[in-house]
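Everything below concerns the one structure shown next.
The values are calculated or read from the model by the stated rules, or taken from the named source; none is laboratory data. Note that the structure is a prediction, hence the values are computed from the model and not measured. Cβ: placed from backbone, ideal geometry, glycine included. Neighbour counts: every protein chain shown. Just so you know, the surface numbers come from the protein's heavy atoms only, side chains and all, with ligands and any DNA or RNA stripped out. Shrake-Rupley method; radii C 1.70, N 1.55, O 1.52, S 1.80 Å.
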Amino acid sequence: MRRRTLLTTVLTTAGALAATAACGDGDEGGDAAAAPATTSAGTGAFPATVEHAFGTTTIEEEPQRVVTVGFNDQDFVLALGVTPVGVRENLGYDASTRPWAQDLLPAEPLPLVGSTELSVEAIAALTPDLVMGTYAFLTEGVYQQLSGVAPTVGDLEVSPEGGSTATWQEQLAATGTALGRSEEAEALTAEVEETFAAAREAHPEFAERTVSVVLVLDSGYYALDSSDPRGRFFTDLGFTASGTTGEVSAEQVSLLDTDVLVVLGATREEFAANPLAAALPVVTENRTVYVGDFSEDFAGALGFASPLSLPYAVELAVPQLALASDGDPATVPAEL
């Protein structure tokens, strides 16, 4: 539980992905008459069993009404050709406008079943036959309540060696199994992995650089490691993660002076308000990429960390990371 509590605190403070899920009454529900999702499962795909942190869930038949309660699960379902009948609100970012999924989203907004807290009542009103929450930070109690509504896939179990959250590949594999679309999930995994491989091949210098990815908090900074989806994005591009992780005080900012620095949640001017930060060589030599606002599309794509959003994020980030890595202080990366 410690990993969930700590990670939840960091994400909530940053206005990004997550907060601990709990049952509540005040969140928006949807219309139970919403159109069911359309899927095309492979022959013999059911019954399907998915392992997760709360045990195993068996889906007996192809689901037709899927509710996603994870902070990014809706993208994984959409990517496999299924339109959910209810979704969880993404904190700090208007997911209804996300450009990487516009051609897959219906014309009408998808019903919301919660934000920081989940409304089990709103979920039940949508009469789902599957609830997906592979990145939901569910408690045991809420999981049990959801399981009483429909077969529920909870947060994926992560080994101590695997970090604090499942990888997007693991999420996609679990979603593919639950929907009876494992072959499609495998093909999509290979496609997205090739996007990262092409970026690494085009920029071999990334492999020679260490990177610090840091959230700017009111009390200082929080350095993400490569087990966080946002930190993992940069190591997947070839960078080596910094050895500094966790809370970093304003006075300890020199710990962030690595080959490349990615600042989440502050503009160049805001980060430089700390004189110690402004004086860092990684800042003065323009080896820093700034992601100033969590409401912007790149930050949203980084937070979703999905097979839909990641190629979009790669396209935006790689040119700026190349400028930060070229060894020329005269080249200034643009804010993402």
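If I filter region 90-103 down to residues being in a loop (DSSP other than H, G, I, E, B) and free of Cβ contacts under 8 Å to residues at least 60 places away in the same chain, which single residue comes out as nearest to the chain's Cα centre (by Cα)? Applying the filter and picking the extreme gives Q102. Residues that are touching a strand residue (DSSP E or B) at 6+ places or on another chain (Cβ under 7 Å), β-branched (V, I, T) and either more than 18 Å from L156 (Cβ to Cβ) or part of a loop (DSSP other than H, G, I, E, B) (or both) within region 65-85 comprise V69, V82, V85, listed in sequence order. The set of residues from region 87-101 being modelled with pLDDT under 95 and in contact with a strand residue (DSSP E or B) (Cβ under 7 Å, 6 or more places away or on another chain) comprises just one member, E89. Close Cβ contacts (under 8 Å, 6 or more residues apart or on different chains) running from residues in region 281-299 that are in contact (Cβ under 8 Å) with a residue 24 or more places away in the chain and farther than 14 Å from P333 by Cα to residues that are open to solvent by less than 10 Å² (accessible area, probe 1.4 Å) and in a loop (DSSP other than H, G, I, E, B) comprise D297/R98. Take the residues in region 57-79 that are of a type in the set (S, T, N, Q) and under 17 Å from S182 (Cα atoms), then tell me which one is nearest to the chain's Cα centre (by Cα). Out of the qualifying residues, it is Q74.
Here is a check on your reading of the model: is P311 part of a loop (DSSP other than H, G, I, E, B) and either at pLDDT 95 or above or not β-branched (V, I, T) (or both)? Criteria not met by P311.
When each of A32, A41, A37, A79 is tested for being in contact with a helix residue (DSSP H, G or I) (Cβ under 9 Å, 6 or more places away or on another chain) and either among the acidic types (D, E) or modelled with pLDDT of 95 or more (or both), the lone residue that passes is A79. Cβ-Cβ distances below 9 Å connect the following pairs, each with a first residue in region 122-134 that is at positive phi, a second residue that is of a type outside the set (D, E) and not in a strand (DSSP E or B), and a separation of six or more residues or different chains: T127/A32; T127/R65; T127/V85; T127/V149; T127/A150. Out of (1) open to solvent by less than 30 Å² (accessible area, probe 1.4 Å); (2) more than 30 Å from A185 (Cβ to Cβ); (3) among the hydroxyl-bearing types (S, T, Y), the odd one out for S309 is which? Going through (1) open to solvent by less than 30 Å² (accessible area, probe 1.4 Å); (2) more than 30 Å from A185 (Cβ to Cβ); (3) among the hydroxyl-bearing types (S, T, Y) one by one, S309 breaks only (2). Pairs meeting the criteria (first residue in region 179-205 and under 18 Å from D236 (Cα atoms), second residue open to solvent by less than 40 Å² (accessible area, probe 1.4 Å) and hydroxyl-bearing (S, T, Y), beta carbons under 6 Å, at least 6 apart or on different chains) are E205/S325. Counting just the residues of region 178-197 that are in contact with a helix residue (DSSP H, G or I) (Cβ under 9 Å, 6 or more places away or on another chain) and open to solvent by 40 Å² or more (accessible area, probe 1.4 Å), which one comes out farthest from L80 (Cα to Cα)? Per the criteria, the residue is T195. Scanning region 21-28 turns up no residue that is crowded, with 18+ Cβ neighbours inside 10 Å, at pLDDT below 55, assigned to a loop (DSSP other than H, G, I, E, B) and under 15 Å from the mean Cα position of the chain (by Cα).
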